[in-house]
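Only one structure is covered here, and it is reproduced in the block below.
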Amino acid sequence: MSEDTEVQKPKIREKGRLMSASEIERTLVRLAHEIVEKHGGSANVGLVGIKRRGVPLAKRLAVLIEKIEKHPVDTGVLDISFYRDDLTTDGIRPKVTPGAIGFDVTGRDIILMDDVLYTGRTIRAALDALFDHGRPKSVRLLVLIDRGHRELPIEATYVGRMIPTSKREIIEVKLNEVDGQEQVLLVELVD
């Protein structure tokens with residue numbers, strides 16, 4: 001690429017705010033109660049956040065579940081960088097470091113977390129990565145936003161909000177831990 005060639009970022013315009021900080025918090029409280037109810041407590045539950053925004057969601061839910069159940073919940077981090085199908089397949093398979101998630105997932109009821117569910121490809125990669133760390137008893141998916149447009153047969157068990165979108169629209173989840181602000185925005189690609 002020459003110095004004269006400049007990579008242009010897509011232009012987007014904000015269409016509106018879908019969730020405020022307090023709405024995100026209330027949604028997470030509801031989801032924490034749903035998890036406890038569905039699993040009959042949290043004794044065998046492990047929360048695994050997909051890097052980036054899934055991680056703070058997992059940590060926040062762990063705090064909320066701990067308040068409900070009066071005991072800590074294992075929380076871990078899953079890095080799917082080398083599992084994505086949009087990377088080249090030439091090269092070595094990722095080396096899994098034991099304990100990299102933060103706890104042993106084998107035999108556990110794992111709640112896998114991400115901010116937005118769209119095509120399902122991120123979750124497919126996350127499942128590959130998760131099973132390289134062990135064999136959970138069960139895996140359920142929790143997302144803050146499900147926006148539709150699936151390309152793979154993947155559905156979330158726990159959904160904060162269903163927000164149908166067009167292909168030109170994008171959901172931007174902003175969390176204090178990553179972005180320094182707290183809100184969910186709907187933006188649109190502009191020609």
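The values are calculated or read from the model by the stated rules, or taken from the named source; none is laboratory data. This one's a predicted model, so the numbers in the text were calculated from it and none came from an experiment. With ideal geometry, Cβ positions are generated from the backbone for all residues, glycine too; neighbour counts draw on all protein chains shown. The area values use the complete protein model at the heavy-atom level, side chains included, leaving out ligands, DNA and RNA. Shrake-Rupley method; radii C 1.70, N 1.55, O 1.52, S 1.80 Å.
Lysine pairs in the chain whose alpha-carbon atoms fall under 24 angstrom of each other, counting only those eight or more residues apart or on distinct chains, come to 22. Sorting Phe103, Phe82, Phe131 by accessible area puts them as Phe82, Phe131, Phe103; the probe is 1.4 Å, largest comes first, and only protein heavy atoms count. Under the simplified labelling scheme, the Thr106-Val178 pair shows an inter-label distance of 3.1 nm, with each label point 7 Å from Cα along Cα→Cβ. Counted residue by residue at 0.36 nm each, then reduced by the alpha carbon distance between them, the extension gain from Ser138 to Leu189 reaches 14.6 nm. Connecting C-alpha atoms closer than 10 Å in a GNM of the chain, tell me which of Asp115, Asp146, Asp128 has the biggest fluctuation. Its mean-square fluctuation being the largest, the pick is Asp128. Between Asp114, Asp104, Asp179, the residue with the greatest mean-square fluctuation in the GNM of the chain (Cα pairs under 10 Å linked by springs) is Asp179. Other residues whose C-beta falls under 14 angstrom from the C-beta of Leu18 contribute a net charge of -2, scoring Lys and Arg +1 and Asp and Glu -1. Gain on full extension, evaluated as 0.36 nm per residue between His149 and Ile12 minus their Cα-Cα distance, stands at 47.4 nm.
To the nearest 20 debye, what charge dipole does segment 123-191 have about its Cα centre, counting +1 at the Cβ of each Lys and Arg and -1 at the Cβ of each Asp and Glu?
Charge dipole of segment 123-191: 400 debye, to the nearest 20.
Inter-label distance, Glu169 to Asp128: 3.1 nm, where each label sits 7 Å from its Cα along the C-beta direction.
Using the rule -39500 (n - 2.57) for each DSSP H run of four or more residues, divided by the residues of the chain, the 222 nm mean residue ellipticity is -8000 deg cm²/dmol.
Rounded to whole numbers, the Karplus 3J(HN,Hα) couplings from phi for segment 39-51 are 9, x, x, 9, 4, 9, 7, x, 9, 10, x, 7, 3 Hz, using 6.51 cos²θ - 1.76 cosθ + 1.60 with θ = phi - 60°, and x at Gly and Pro. When +1 charges are put on Lys and Arg Cβ atoms and -1 charges on Asp and Glu Cβ atoms, the dipole computed for the chain relative to its Cα centre reaches about 500 debye. Amide H of Gly46 versus every other amide H placed in the peptide plane: which residues, excluding those fewer than 5 positions away on the same chain, fall under 5 Å? Distant-sequence amide H within range of Gly46: Asp109, Ile110, Ile111. Considering only DSSP beta bridges where both residues belong to the chain, give the percentage that are antiparallel (nearest 5). Approximately 35 percent, going by the DSSP bridge assignments.
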